[in-house]
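What follows is one structure encoded as structure tokens, with my remarks underneath.
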Amino acid sequence: MSGNSFGTLYCVTSFGESHGAAYGGVADGCPPGMELSEADLQKELDRRKPGSSRHVTQRRESDSVEILSGVYEGRTTGTAIGFVIRNEDQRPKDYAAIAERFRPGHADYTYWQKYGRRDPRGGGRASARETMVRVAAGAIARKWLAERHGVLIRGYLAQLGPRKIALRDWGAVEANPFFAPDLEIVPELEAFMDALRASGDSCGARVNAVASGVPVGWGEPVYGRLDADLASALMSINAVKGVEIGAGFGAVEQRGSEHGDEMTPQGFLSNNNGGVLGGISTGQDITVSVALKPTSSIRLPRRTIDIRGAQTVVETSGRHDPCVGIRATPIVEAMLACVLMDHALRHRAQCGDVSPPTTPIAGRAR
């Protein structure tokens, strides 16, 4: 099965299924000499693991990571970093009833049509548990970016179903199970999720992420654009159906006099382009936003067909997130980190010795 790798110089490959023995990955291209331990990866994996609150799937997994290669005496060697995360709470019998029926909105039908067979246990390869590999690889990338370039990557839940959440306090993000940047709205989110879970239905979400401290010059023109690679990586996350860079679709309603980010010797006056111009970073914050669809596996009866093409009904039992967006913030951050590290290495390879004739301006004028 192709399509299991992404990246050019920082290349990530994943393997595994939701109810198989394990998930694992290979992060190839990390420079040598960086201090790295399993604790560095585990910290990020713990942020996305299941069972963290009553609002997400109650599957009980430690998501403990084991580094198999690429680290010696606590430092990266420059060779491929291999790691594995064992599945501990498999319940494949929960999916026996849907083995011959396709869940609407899920990858069941397309996998079956493409490969002529599928793993129905939790969605198999299409399961959101695959994102563990991205988060682990992202932990390596964000540590290298922070130490080498001072890049800070942060994300937050910006909308849960119809409820929009304003960015009021970065410090609140890690203090609640929603990654919401406003503690005052958390009781409202909890009440909404309790009612949603009781109804047997699901909802979508929006997650925003920001990378600060990205130098000017990362990215390539035309086909290797930084924003294009970001869009591709973010769209590859399970359930993501929309990606915005900067103002995104809001640019439709803007005029050129508003959207174009004016410059002064002290910095840019706005950041409607999300820190990318012509596919190359401007030195401003990289801002991205993703829309995640409602969870496809729900308890409510849904019309569908079986593997023989006959009309039937499917109701999904088992343990599922009523909103996959609640645990998506660390995943969006991870993909942002992986793409930025890949482009940092690509820039270093081609243009590492370039001295621009114009001194870079500040990210944004104050």
In this structure, does G124 turn out to be buried (at least 19 other Cβ atoms within 10 Å of the Cβ), in contact with a Cys (Cβ under 9 Å, 6 or more places away or on another chain) and not basic (K, R)?
no
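For (1) more than 21 Å from the chain's Cα centre (by Cα); (2) outside any strand (DSSP E or B); (3) among the aromatic types (F, W, Y); (4) at pLDDT 95 or above, each residue gets a yes or a no:
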residue: G283; (1), (2), (3), (4): yes, yes, no, yes
residue: T287; (1), (2), (3), (4): no, no, no, yes
residue: R299; (1), (2), (3), (4): yes, yes, no, no
residue: I305; (1), (2), (3), (4): yes, no, no, no
residue: R308; (1), (2), (3), (4): yes, yes, no, no
Any idea how many residues of the stretch 63-80 are of a type outside the set (G, A, S) and under 24 Å from H19 (Cα atoms)?
5
Suppose we keep only residues that are closer than 19 Å to T295 by Cα and among the acidic types (D, E) within the stretch 173-203. Which one would you say is surrounded by the most Cβ atoms within 10 Å (Cβ to Cβ)?
E190
Determine whether S5 is at pLDDT 95 or above and either surrounded by fewer than 16 Cβ atoms within 10 Å (Cβ to Cβ) or of a type outside the set (A, V, I, L, M, F, W, C) (or both).
yes
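Kindly evaluate N273 against the criterion of being farther than 14 Å from N208 by Cα and under 14 Å from the mean Cα position of the chain (by Cα).
Against the criterion (farther than 14 Å from N208 by Cα and under 14 Å from the mean Cα position of the chain (by Cα)), N273 does not qualify.
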What single numbered condition from (1) of a type outside the set (A, V, I, L, M); (2) closer than 30 Å to H55 by Cβ; (3) part of a strand (DSSP E or B) fails to hold for T312?
(2)
From R142, R103, which residue is under 27 Å from C338 (Cα atoms) and touching a strand residue (DSSP E or B) at 6+ places or on another chain (Cβ under 7 Å)?
R142
Failed condition for G318, given (1) at pLDDT 95 or above; (2) over 17 Å from C203 (Cα atoms):
(1)
Output the number of the condition that W218 fails; it satisfies all remaining conditions of (1) touching a residue at least 40 places away in the same chain (Cβ under 8 Å); (2) of a type outside the set (S, T, Y); (3) more than 23 Å from N271 (Cβ to Cβ).
(3)
Give the number of residues within the stretch 261-281 that are in a loop (DSSP other than H, G, I, E, B), under 11 Å from A362 (Cβ atoms) and among the polar types (S, T, N, Q).
1
Filter the stretch 233-250 down to residues that are closer than 21 Å to Q284 by Cα and either in a loop (DSSP other than H, G, I, E, B) or in contact with a Phe, Trp or Tyr (Cβ under 9 Å, 6 or more places away or on another chain) (or both), then give me how many there are.
3
Conditions first: (1) over 23 Å from C323 (Cα atoms); (2) not small (G, A, S); (3) not in a helix (DSSP H, G or I). Y223 passes all but one, so which condition is the exception?
(3)
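The values are calculated or read from the model by the stated rules, or taken from the named source; none is laboratory data. As the structure is a prediction and not an experimental result, all values here were calculated from the model. Neighbour counts are summed over all protein chains in view; Cβ atoms, including those assigned to glycine, are modelled from backbone coordinates with ideal geometry.
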